[in-house]
Structures are given as C-alpha cells and as structure tokens.
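Structure record follows, encoded as structure tokens.
Taken together, the values in this text are just the output of simple stated rules run on the coordinates, not laboratory data. No experiment lies behind these values; they were computed from the predicted model shown. Every residue, glycine as well, gets a Cβ built from its backbone with ideal geometry; the counts of neighbours run over all protein chains shown.
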Amino acid sequence: MIQGFKDFILRGNVIDLAVGVVIGAAFTAVVTAFSDNIINPLIASIGGVDFSPLGVHVIPGNDATFIDFGALITAIINFLLIAAVVYFIIVAPMNKLDEAQKRRKGIDPEAPAPTETELLSEIRDLLAAQPGQAPRTPNA
C-alpha cells in the first residue's frame, strides 16, 4: 500500500501539478498586486465603484451574519484579471511559439495532431520494416 502511494506521488504529472500550483499561487500574488496597485487606483480615478453597500445582514445589527456580495464581485473581477493576464502573457505567446516551431519544421499548424492509434501504427510499421527483425507477437 505504501509502495502504491509512493508510485502515485512520484508520477511526473503529480509533480508537474504541484509545481503548477506553487507557481500559480506566486503568480496570483503578482496579479493581485497589479490589480490592487494599478487597476484599482485607475478605476478610483474615474469615479470608482464601491461594492460595500451590496451586502445584506441576515440578522440586522449582527455583523457575523453579513453576506458580502461586494467581496464576491471583487473576487470575480480579480479572477477575470488573472485569467486575462495568464492568457495574454502565457497562453497566447506559447501558442504562437508552438505554431512558429511547427512552421520551421515544415508541419502545417492547422493540421490536426495524429491520434495515438495512428502513431502506434506508424511505429509498428517502422519496426516491421527494419531489416533482420522478425515480427513479434504479443504474449497472451
């Protein structure tokens, strides 16, 4: 059971996911600083928007029962800012770089990627075409 857990943790995709989460958290801090120190002052300079009156007290006078819709709207705006920054600074340039690399290699970037079955068939055919190689049958 411990070996299975160890194998799971040491898989490449789990490690990649962990690295992605750490980098995402650090990146979120950068975008939040950008939003707090650049975007919010710009919005405030043109009149600003105060979302604090959008909350409701479930029990009047009890601050512990305050439902803050303004905080939700602010979180949504921050999410959209983070998503936009990630897309325009990371995803779009990576797509362009990938497209340029495909063109340099003579691959049509619009062509669909081969399926796993097509790749495996191509590998099988290349192995079978090698001189002196007897075709192998899988063990049953």
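Results, tabulated for the structure shown:
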{"read-out": "Kyte-Doolittle mean at least 0.0 and Cα axial length at least 24 Å: DSSP H helices in the chain", "value": "12-34, 69-86"}
{"read-out": "For I39, I76, order by how many other beta-carbon atoms lie within 10 Å, fewest first", "value": "I76, I39"}
{"read-out": "Local electrostatic count, E99, Cβ distance below 13 Å [Lys/Arg +1, Asp/Glu -1]", "value": "+2"}
{"read-out": "Most mobile listed residue (P112, P53, P41) in the chain, GNM with C-alpha springs under 10 Å", "value": "P112"}
{"read-out": "Intensity falloff of segment 1-49 expressed as log10 I(q)/I(0), Debye formula with alpha-carbon point scatterers, at q = 0.28 Å⁻¹", "value": "-0.92"}
{"read-out": "Calculated FRET value between T32 and V56, using beta carbons and R₀ = 22 Å, to 0.05", "value": "0.25"}
{"read-out": "At 1.002 mPa s and 20 °C, Stokes D of the chain from Kirkwood alpha-carbon radius, µm² per second", "value": "99 µm²/s"}
{"read-out": "Signed unit charges on C-beta, dipole axis of the chain, positive-most listed residue A111, A29, P60", "value": "A111"}
{"read-out": "10 Å Cβ shell holding at most 11 others, DSSP loop, trypsin sites (Lys or Arg not before Pro): longest site-free stretch of the chain", "value": "12-104"}
{"read-out": "Residues whose placed amide H lies under 5 Å from that of G55, excluding near-sequence neighbours", "value": "F69, G70"}
{"read-out": "Electrostatic dipole magnitude of the chain [Cβ: Lys, Arg +1; Asp, Glu -1; Cα centre; debye, to 20]", "value": "540 debye"}
{"read-out": "Computed label-point distance, nm, for sites V22 and T65 using a 7 Å Cα→Cβ extension", "value": "4.6 nm"}
{"read-out": "Candidates F34, F66, F79, ranked by Gaussian network fluctuation over the chain, Cα under 10 Å, top entry", "value": "F66"}
{"read-out": "Ranked list, fewest to most other Cβ atoms within 10 Å of each Cβ, for S121, S35, S45", "value": "S45, S121, S35"}
